[in-house]
1. Which cross-chain or sequence-distant (5 or more) residues have an amide H under 5 Å from the amide H of residue 97, H modelled 1.01 Å from N in plane?
2. Using alpha carbons only, how many degrees (0 to 90, rounded to 10) separate the axis of helix 84-93 from the longest principal axis of the chain?
3. Towards the positive end of the charge dipole of the stretch 1-76, with charges on Cβ (+1 Lys, Arg; -1 Asp, Glu), say which of 3, 34, 61 has the farthest Cα.
4. How high is the FRET efficiency from residue 59 to residue 31, r the C-beta distance, R0 22 Å, rounded to 0.05?
5. Identify, among 127, 71, 25, the residue whose Cα sits farthest towards the positive end of the charge dipole of the stretch 2-137, taking +1 on the Cβ of Lys and Arg and -1 on the Cβ of Asp and Glu, with the dipole about the Cα centre.
6. Would you kindly derive the ³J(HN,Hα) couplings of the stretch 31-48 from the backbone phi angles with the Karplus curve 6.51 cos²θ - 1.76 cosθ + 1.60 (θ = phi - 60°), listing them in order in whole Hz, with x for Gly and Pro?
7. Residue 77: net charge of surrounding residues, Cβ under 15 Å, Lys/Arg +1, Asp/Glu -1, itself excluded?
8. Leaving out ligands and nucleic acids, note down the accessible area per residue over the stretch 2-137 with a 1.4 angstrom probe, in whole Å².
Amino acid sequence: MKLEHIGIAVRSLDQALKFYRDTLGLRVAGLETLAGEKVRVALLPLGETRLELLEATAEDSVIAEFISKRGEGIHHIALQVEQLDRHLKTLAAAGVRILPGKSQYGAGGHRYAFLHPSSCGGVLVELVETAPAAKEAK
Ligand code: CO
């Protein structure tokens, strides 16, 4: 298992990039809009992991809701796992709350699921399955 990315909720990508890119000096590898999640994402590689700056594109985006409750800050950490379904089965059996209840497909065809913060010491944890293509490329 390794750290895939850290998701940071920001009010404005432009403002956040003034710090992370222009001042801190991180590189922006890409910008993506996830229409289904109503989020615009900036991907900033950081060693073997990356930061994902998350900006809401609508009032009812989970990121807008997070910021209205808690302000800007770390939204989730994502761990890369193999065999996501096996992990979810074990976690569910241990009483861990899984959101939205089963795995789903995200950008790039990656399968993922979230573990509720109440099960993870207050941290929203995303599990991302290692893509078969990525494994072959190594
Ligand atoms: Co994520």
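The values are calculated or read from the model by the stated rules, or taken from the named source; none is laboratory data. All values reported here derive from a predicted model rather than from experimental measurement. Glycine gets a Cβ as well: all are built from the backbone with ideal geometry, and neighbour counts include every protein chain shown. What goes into the accessible areas is simple: the full protein's heavy atoms, side chains included, and nothing from ligands, DNA or RNA. Shrake-Rupley method; radii C 1.70, N 1.55, O 1.52, S 1.80 Å.
1. Excluding prolines and chain starts, which carry no amide H, the hits are 116, 119.
2. Between helix and principal axis, roughly 70 degrees.
3. The Cα lying farthest towards the positive end belongs to 3.
4. 0.55
5. The residue sitting most towards the positive pole is 127.
6. In residue order, the calculated couplings are 10, 9, 10, 9, 4, x, 9, 6, 9, 10, 10, 10, 9, 10, x, 8, x, 8 Hz.
7. Net charge in that neighbourhood comes out at -2.
8. On the way: 7830 Å² over 136 residues.
Accessible area per residue: 58 Å².
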